[in-house]
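First the structure, in the form of structure tokens, and then the observations on it.
The values are calculated or read from the model by the stated rules, or taken from the named source; none is laboratory data. Because the structure is a prediction, the values reported are computed rather than measured. Reconstructed Cβ throughout: ideal geometry from the backbone, glycine too, with neighbour counts over all protein chains shown. Calculation scope for accessible area: heavy atoms of the full protein, side chains included, ligands and nucleic acids excluded. Shrake-Rupley method; radii C 1.70, N 1.55, O 1.52, S 1.80 Å.
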Amino acid sequence: MIPSRLYVHIPFCRSICHYCDFPKVIYSPRWEREYVPALLRELSSFSPARGSFETIYLGGGTPTSLSEEGTRVLLGELRPLLREGGELTVEANPESLDEERARLLFSLGANRLSLGAESFRPDYLRLMGRRHAPADIGRAVLAARKAGFRNLSLDLIYGLPGEGLPELQEDVEALLALAPEHLSCYSLSVLPGTRLFLEGFHEEEDEALREQYDWLRARLGEEGYERYEVSSFSLPGFRSRHNLGYWMDEDYLGIGMGAAGAIGGRHYRNSLSLSRYLKGEGREWEEVPTEQDRLEYYFLTRLRLREGFPLEEFERKFGFPFLSRYGERARSLERKGLALLEDGRFRASDEGLYLLDRVLLALF
Ligand code: SF4
């Protein structure tokens with residue numbers, strides 16, 4: 001059966017950010033003309049019926065880098081596939097979301113926008129190689145509200161080189177002033193192959209990041225944002241339904257260059273090469289994960305959620321009780337204050353969510 005979640009990857013960006021290791025290429029109209037039909041061909045190979053998907057997520061890259069025509073064609077095909085009351089998210093960069101584009105997306109069925117705000121400081125935006133200016137963020141939010149969007153998520157990156165608590169506080173207050181329904185807050189990763197890495201930048205010290213994360217969590221909590229996942233905060237009723245599917249270890253269909261998917265016990269990733277994808281050589285790999293892979297993937301996704309997982313769900317999925325194999329390790333994590341076994345669930349504690357790698361290492 002086809003999964004109820006669809007991820008659509010739009011790999012085009014107008015320029016490349018200095019920290020980015022997502023699958024992307026510089027936008028060209030010629031490639032867009034070939035890419036949109038290739039996406040639709042891949043989608044139709046799964047024969048989705050009307051209303052197949054509870055959530056559809058256009059991510060990137062930069063989905064708002066598509067032309068008006070490309071956007072119309074793509075969303076025109078996707079919209080009928082969304083169930084009544086479904087969630088259709090489009091990622092957007094602030095400089096590429098004016099009122100006209102926001103109205104177009106809303107009229108084509110998008111009902112949630114995820115905006116890559118990242119920072120309100122011009123020096124940090126420059127350091128990250130972002131194209132937008134701080135003022136573009138407020139303009140994009142206003143454009144989205146005017147177009148009718150009632151569900152907005154903003155991304156923030158903290159832990160930038162030299163960033164201290166006062167700078168983070170400035171950024172967070174500017175974000176809060178825009179009253180988004182959802183926030184995703186990530187500390188900067190300096191990954192091999194990125195420009196920041198090649199220029200010798202490093203991630204900040206754990207202690208400084210910890211102070212920033214703790215302050216962030218407390219401040220957002222004061223404003224009514226619940227941290228329901230390691231990096232995700234939402235007002236009541238505004239959790240990302242699409243991303244919850246990943247974190248609940250549900251199947252999903254991913255289409256497009258570099259997209260991943262999980263269907264009926266098989267996992268796959270599409271080609272990271274645009275030319276190969278366009279030629280129809282879609283898959284980079286496809287495999288049936290081993291039991292150990294499935295267990296690790298389950299812990300990796302499920303424990304990102306603050307509520308962890310019900311022990312009975314674990315047993316249903318894997319055919320043996322969690323405590324029979326992991327009881328000792330789970331209790332040791334509990335003694336260290338990193339996890340909790342309570343009310344028939346296993347979950348990371350607040351400390352454990354921050355130090356999730358340590359929780360996962362103990363279980364793997
Ligand atoms: S806009 Fe997003 S996908 Fe594109 S280069 Fe920047 S971070 Fe990467």
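Data table
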| item | result |
| --- | --- |
| Residue list for segment 1-37, filter: out of contact with any Lys or Arg (no Cβ under 9 Å at 6 or more places or on another chain), more than 16 Å from the ligand (Cβ to nearest atom) and open to solvent by less than 30 Å² (accessible area, probe 1.4 Å) | Pro3, Leu6, Val36 |
| Test result for Ser65, of a type in the set (Ser, Thr, Tyr) and more than 16 Å from the ligand (Cβ to nearest atom) | no |
| Odd one out for Gly245 among (1) surrounded by fewer than 14 Cβ atoms within 10 Å (Cβ to Cβ); (2) in contact with a Lys or Arg (Cβ under 9 Å, 6 or more places away or on another chain); (3) in contact (Cβ under 8 Å) with a residue 24 or more places away in the chain | (1) |
| Residue within segment 176-183 that is among the hydrophobic types (A, V, I, L, M, F, W, C) and part of a helix (DSSP H, G or I) present | yes |
| Sole exception among (1) within 16 Å of the ligand (Cβ to nearest atom); (2) within 18 Å of the chain's Cα centre (by Cα) for Leu183, by number | (1) |
| Residue list for segment 119-131, restricted to those being open to solvent by 10 Å² or more (accessible area, probe 1.4 Å) and under 24 Å from Tyr225 (Cβ atoms) | Phe120, Arg121, Tyr124, Arg130 |
| Criterion violated by Thr71 - all others in (1) in a loop (DSSP other than H, G, I, E, B); (2) more than 16 Å from the ligand (Cβ to nearest atom); (3) hydroxyl-bearing (Ser, Thr, Tyr); (4) under 20 Å from Leu97 (Cβ atoms) satisfied | (1) |
| Some residue of segment 307-318 being crowded, with 19+ Cβ neighbours inside 10 Å, in contact with a strand residue (DSSP E or B) (Cβ under 7 Å, 6 or more places away or on another chain) and outside any helix (DSSP H, G or I) | yes |
| One residue from Leu253, Leu295 being outside any strand (DSSP E or B) and hydrophobic (A, V, I, L, M, F, W, C) | Leu295 |
| Residues that are more than 10 Å from the ligand (Cβ to nearest atom), open to solvent by less than 30 Å² (accessible area, probe 1.4 Å) and among the small types (Gly, Ala, Ser), drawn from segment 38-62 | Ala38, Gly51, Ser52 |
| Within segment 77-92, considering residues that are within 16 Å of the ligand (Cβ to nearest atom) and open to solvent by less than 10 Å² (accessible area, probe 1.4 Å), the one nearest to Arg14 (Cα to Cα) | Ala92 |
| Output for segment 276-292, where each listed residue is part of a helix (DSSP H, G or I) and surrounded by fewer than 18 Cβ atoms within 10 Å (Cβ to Cβ) | Arg276, Leu278, Glu291, Gln292 |
| Among the residues listed as Arg112, Arg150, the single one being more than 14 Å from the ligand (Cβ to nearest atom), buried (at least 19 other Cβ atoms within 10 Å of the Cβ), in contact (Cβ under 8 Å) with a residue 12 or more places away in the chain and not hydrophobic (A, V, I, L, M, F, W, C) | Arg112 |
| Number of the condition not met by Glu163 [criteria: (1) of a type outside the set (Val, Ile, Thr); (2) within 15 Å of the ligand (Cβ to nearest atom); (3) buried (at least 16 other Cβ atoms within 10 Å of the Cβ)] | (2) |
| Residue within segment 68-89 that is within 23 Å of Arg139 (Cα to Cα) and in contact with a Pro (Cβ under 9 Å, 6 or more places away or on another chain) present | yes |
| Filtered residues of segment 135-147 (kept if away from the ligand (no atom under 16 Å from the Cβ), out of contact with any strand residue (DSSP E or B) (no Cβ under 8 Å at 6 or more places or on another chain) and open to solvent by less than 40 Å² (accessible area, probe 1.4 Å)) | Gly138, Ala143, Ala147 |
| For Leu104: the one exception among (1) assigned to a helix (DSSP H, G or I); (2) out of contact with any Ser or Thr (no Cβ under 7 Å at 6 or more places or on another chain); (3) away from the ligand (no atom under 13 Å from the Cβ) | (2) |
| Cβ-Cβ under 8 Å pairs, at least 6 apart or on other chains, segment 75-102 side closer than 15 Å to Leu152 by Cβ and of a type in the set (A, V, I, L, M, F, W, C), far side in a helix (DSSP H, G or I) and open to solvent by 70 Å² or more (accessible area, probe 1.4 Å) | Leu88/Arg79; Ala102/Lys146 |
